[in-house]
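The values are calculated or read from the model by the stated rules, or taken from the named source; none is laboratory data. Treat the numbers as computed from the prediction; the structure is a model and nothing was measured. All Cβ positions, even for glycine, are placed from backbone atoms using ideal geometry, and neighbour counts span all protein chains on display.
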Amino acid sequence: MTVKLMVACHKKCDVPADPMYLPVFVGAAGKEDIGFQRDDSGDNISAKNPLYCELTGLYWCWKNLDCDYLGLVHYRRYFVFRKKLFRQKNNDLDSVLTSREAEELTGRYDLILPKKRHYFVETIYSHYAHTFDGRQFDVAQEVLDEMFPEYGKAFRTFMKQRSGYIFNMFIMPKKLCDEYCEWLFQVTEEIEKRYDTTGMSDFEKRYIGRVSERLFNAWIMVQISQNRLRKDRIHELPYTYLGKVNWPKKILGFAEAKLLHKKYKKSF
C-alpha cells in the first residue's frame, strides 16, 4: 500500500525526509526550477495557480500520480500524531505524521481531516463576508444549485454552521480523491467563469483556493448522506503550523473586519 502526501510549496523550503511526502512546486509554470516536483508537467492547470493556490498541485496529483492513498498538506502546515509536549521538545519537521502512522490510520479510516476550526461568534458565511467577499460564496451557491442540487443544499446548510474543515488538508483513498477532484474542478471552473476578478489584488484573487475549502465540507456532507462515507470511518488529527502567526495583528484584523467591515488585504 502506498500513501503519498503532497506538500504544497511555492518556494524552496525544508520538507520532511520521510519518502511519503512529495513536495510539489505549485504554480511552477514559467518559473525557474526549485528541485521539487513541478505542477506544470503532464495534464495540469499550473497557470491557474494565482486563483487556485494549492489546488493546481492537487490537480497534478489527480491526473499524474499513481498511489493507493493521497493526501494534501502545506509546507508550513502538517498533520501530527505526537502529543504537543513531544513536538515542543523536538524539531518541528521531526514531529509530523510518519508513513508508519499514516499506514496505520488509513487501515482504520477512509478519510483523515484536520481538527475543525470553530468561529463561535460568526457563521461560516458571515465570517467570510466580513473578511473577503461574500459574493464568492453566492456564486458558488448558484453553480452548485444548477449543476449539483444535492451539494447545493449541503453547501447552504454548511454556510449557516460555525465550524468546519479548512486548509484543504486530507488523506483519503486515491480512488475517492479522484471522484472528489472530478466534482471539484467542474465546480471551480464554472465559478471562475462567473466571478470577475478585475481590479483585485494578487491576494484577493486567490479566492478559488479559499472557496474550495468550504466546498470540501459540502462534498463530505453529501458523501455521508449517501452512505458513501461512514462517520466512524472519518478521523480528525491535530495539525502544526511551522511559521509564526502575528496574533495581535490577526486578532485586530478580525475585529476590524467584524466591526468596521474592513476586508483582509494580506495573510497574518
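Here are some notes:
- Filter result (farther than 13 Å from Gly164 by Cβ, not in a loop (DSSP other than H, G, I, E, B) and not hydroxyl-bearing (Ser, Thr, Tyr)) within the stretch 120-135: Ala129, His130, Arg135
- Here the condition is being over 25 Å from Thr106 (Cβ atoms), acidic (Asp, Glu), modelled with pLDDT of 95 or more and touching a helix residue (DSSP H, G or I) at 6+ places or on another chain (Cβ under 7 Å); of Asp40, Asp18, it holds for Asp40 alone.
- Asp138, sole failed condition from (1) among the charged types (D, E, K, R); (2) assigned to a loop (DSSP other than H, G, I, E, B); (3) under 22 Å from Ala218 (Cα atoms): (2)
- Tyr109 part of a loop (DSSP other than H, G, I, E, B) and either aromatic (Phe, Trp, Tyr) or at pLDDT below 95 (or both): yes
- Flag for Ala129 being free of Cβ contacts under 8 Å to residues at least 12 places away in the same chain, farther than 30 Å from Glu104 by Cα, crowded, with 17+ Cβ neighbours inside 10 Å and of a type in the set (Gly, Ala, Ser): yes
- Scanning the stretch 198-241 for residues that are part of a loop (DSSP other than H, G, I, E, B) and surrounded by fewer than 16 Cβ atoms within 10 Å (Cβ to Cβ) yields Thr198, Gly199, Met200, Ser201, Asp202, Phe203, Gln226, Asn227, Arg228, Arg230, Pro238.
- Segments classed as strands (runs of 3 or more DSSP E), wholly inside the stretch 1-79, with at least 3 members that are under 21 Å from Asp178 (Cβ atoms): 3-9, 21-25, 69-74
- Residues being in a loop (DSSP other than H, G, I, E, B) and either in contact (Cβ under 8 Å) with a residue 12 or more places away in the chain or in contact with a strand residue (DSSP E or B) (Cβ under 7 Å, 6 or more places away or on another chain) (or both) are represented in the stretch 169-179 by at least one member.
- Number of residues in the stretch 90-126 that are of a type in the set (Lys, Arg) and free of Cβ contacts under 8 Å to residues at least 60 places away in the same chain equals 2.
- Close pairs from the stretch 143-165: first under 21 Å from Lys116 (Cα atoms) and without any contact (Cβ under 8 Å) to a residue 60 or more places away in the chain, partner outside any helix (DSSP H, G or I) and hydroxyl-bearing (Ser, Thr, Tyr), Cβ under 8 Å, at least 6 apart: Met159/Thr123; Lys160/Thr123; Gln161/Thr123; Arg162/Tyr119; Arg162/Thr123; Ser163/Tyr119
- For Leu93, the conditions (1) surrounded by 14 or more Cβ atoms within 10 Å (Cβ to Cβ); (2) touching a helix residue (DSSP H, G or I) at 6+ places or on another chain (Cβ under 8 Å); (3) at pLDDT below 95 all hold with the exception of (2).
- Selection from the stretch 35-53 of residues that are within 16 Å of the chain's Cα centre (by Cα) and free of Cβ contacts under 8 Å to residues at least 60 places away in the same chain: Asn49
- The stretch 142-163: number of residues that are surrounded by 19 or more Cβ atoms within 10 Å (Cβ to Cβ) and not small (Gly, Ala, Ser): 6
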